[in-house]
Amino acid sequence: MNILQRIKAGSEITKTVDCPGVEDVKVNVKILTEDDLAKASLAADAIYKDNKVGFENISNYNAEVETQQLYRSLKDPETGFGIANNISDFRGSLTPEMKDFFAIELDQLHEENSPDPMKMSDEEFDKLIEDLKKKPEETAGNVTSIYTARKLLSCLASQLSS
């Protein structure tokens, strides 16, 4: 598996959660890639193209970006496809409570799989280094933060030169 394939595998990480308020419905929450984030932002920009985004509507714009991100993140566990055919159907089915729930789940998934090295304790970072040494392909595939990858590279390179 080449480096790009390993990086791409890291972006396919999902977790399955119960859909709040809907009995017996599960949804996969998928880590967002840079492409997903760019598309979500561009889609929100397109909606606001005729309206200047400013202090008076920035919260609405940010809410739309978050909705666009969730639209790209939430997948049907059985098919792997999005849970709605289009953003209008998705937006029309999403309650504020569901949106908050899924946004928290997505944030937690990103945090779990790509911890911020600036917030990690030395012990947590040392464990990440040990995991990388024991299971390099699996661990490297789970690192989606460029900052974490840089810190890991610096640390491992310094160990090699010692």
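Just so it is clear, none of the values below were taken in a lab; they were calculated from the coordinates. The shown structure was predicted, so the numbers you read here are calculated from the model rather than taken from an experiment. Cβ sites come from the backbone with ideal geometry, for glycine too, and all protein chains shown count toward neighbours.
Miscellaneous remarks
- Full-extension gain in nm, Cys19 to Asp131, via 0.36 nm per residue minus C-alpha separation: 37.1 nm
- In the structure shown, the pairs Lys30/Lys127; Lys39/Lys135; Lys52/Lys151; Lys49/Lys75; Lys99/Lys151 are assessed against 31 Å; a Cα-Cα span above that value is assigned to Lys39/Lys135; Lys52/Lys151; Lys99/Lys151.
- Radius 13 Å from Cβ of Pro77, net charge of other residues (Lys, Arg +1; Asp, Glu -1): 0
- Ser158 versus Phe81: modelled label distance in nm, points set 7 Å from Cα along the beta carbon direction: 5.0
- By the count of other C-beta atoms within 10 Å, a proxy for reagent exposure, Thr33, Thr16 are ordered fewest to most as Thr16, Thr33.
- Among Tyr71, Tyr61, Tyr48, the order by Cβ neighbours within 10 angstrom, fewest to most, reads Tyr48, Tyr61, Tyr71.
- Stretched out straight at 0.36 nm per residue, the stretch from Ser88 to Thr33 would grow longer than its current Cα-Cα span by 17.6 nm.
- For region 12-113, the alpha-carbon radius of gyration amounts to 1.08 times the rule-of-thumb value 2.2 N^0.38 Å expected for a compact globular protein.
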